[in-house]
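Below is one structure, written out as structure tokens; comments come after it.
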Amino acid sequence: MRLSCLFVLLCSNTLFNWIAQAQTPATPPIIRCEEDVTCTHQFVDGQKFKILTTDGAVIAVALRSNGHYVRADISVTNLAQRTVDVLPSEMTLQMDSPKSKVLAFVSPEQIAKSAEHRAGWANALNSMGAGMATQQATTQTSSSGSVNGSGTVNSTNSDGTYSNGTYNTNGTYSGSSTSTTSSPDYAAQARARQQISERRAAVAALETNLAQTTLRANTVMSGKTVRGYVYFQCDKHADTLHLTIPIAGTMYVFPFKMMKQ
């Protein structure tokens, strides 16, 4: 009886451990791009690219901040004999110093929407200011002439007597007046329309650029390469950070020291 109980207990523990192991997700392998034989760097137009070469892929990464976003320039070449998925929304950017902080992924649609919002507010203020702008015109007039006249003066004195006399007047006069009128400032309105047009063109150009250069989710065939920009939130205090790129179950980690622009 005791042996049977012991056998049941051992079997139960084995089954429990097997179930626990099956439910525990396996830790994905991590390959960190350190400066060695497998990870090199190259400067292109002042921008540092880190290039990691493994059996399955060649990954090149550069980071740059413009004050609004951190832009990762990423290239992935698939060296495996199978297809791999490259998913920008699953990439993460972690600030390491001066403090630890996750910098969120930003989609190109969010960037375009933010630019449209800023341009819309600026255009509204431009239109309002131009509509209220006036220009003033000052007009000054002057006049001059002469006065000639004569006549008779009769008066009664205090003692009851009367007196009379004549007068002659000769003289000149001059004067001036100033008047100010206001009218719409058509030049300011034209400048505002030009600025509004330029902002709209800039937003349209940004949207076109994002569509052409952003790295989208791709299934990469063997021997093929994808490249594009991935954007993250920016922290102006960031000093060191690392970008993690998951591909085919492996986490590729690229540490960087932020280059101030």
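The values are calculated or read from the model by the stated rules, or taken from the named source; none is laboratory data. Predicted model, so just to flag it, every value in this text is computed and none were measured. Neighbour counts run over all protein chains shown; Cβ positions are idealised from the backbone, glycine included.
Of all residue pairs spaced 6 or more apart or on separate chains, those with beta-carbon atoms under 8 Å, a first member in region 196-222 that is within 17 Å of THR77 (Cβ to Cβ) and crowded, with 17+ Cβ neighbours inside 10 Å and a second member that is at pLDDT 95 or above and aromatic (Phe, Trp, Tyr) are LEU215/TYR229.
Residues being exposed (fewer than 12 other Cβ atoms within 10 Å of the Cβ), at pLDDT 90 or above and not aliphatic (A, V, I, L, M) are represented in region 39-49 by at least one member. Considered as a group, the residues in region 82-104 that are hydrophobic (A, V, I, L, M, F, W, C) and surrounded by fewer than 17 Cβ atoms within 10 Å (Cβ to Cβ) include one that is nearest to the chain's Cα centre (by Cα), and that residue is ALA104. For residues in region 248-261 being at pLDDT below 95 and buried (at least 19 other Cβ atoms within 10 Å of the Cβ), which is nearest to the chain's Cα centre (by Cα)? Applying the filter and picking the extreme gives MET258.
Could you please find all residues in region 94-126 being more than 15 Å from LEU206 (Cα to Cα) and in a loop (DSSP other than H, G, I, E, B)? If the condition is that a residue be more than 15 Å from LEU206 (Cα to Cα) and in a loop (DSSP other than H, G, I, E, B), then PRO98, LYS99, SER100, ALA104 are the ones that fit.
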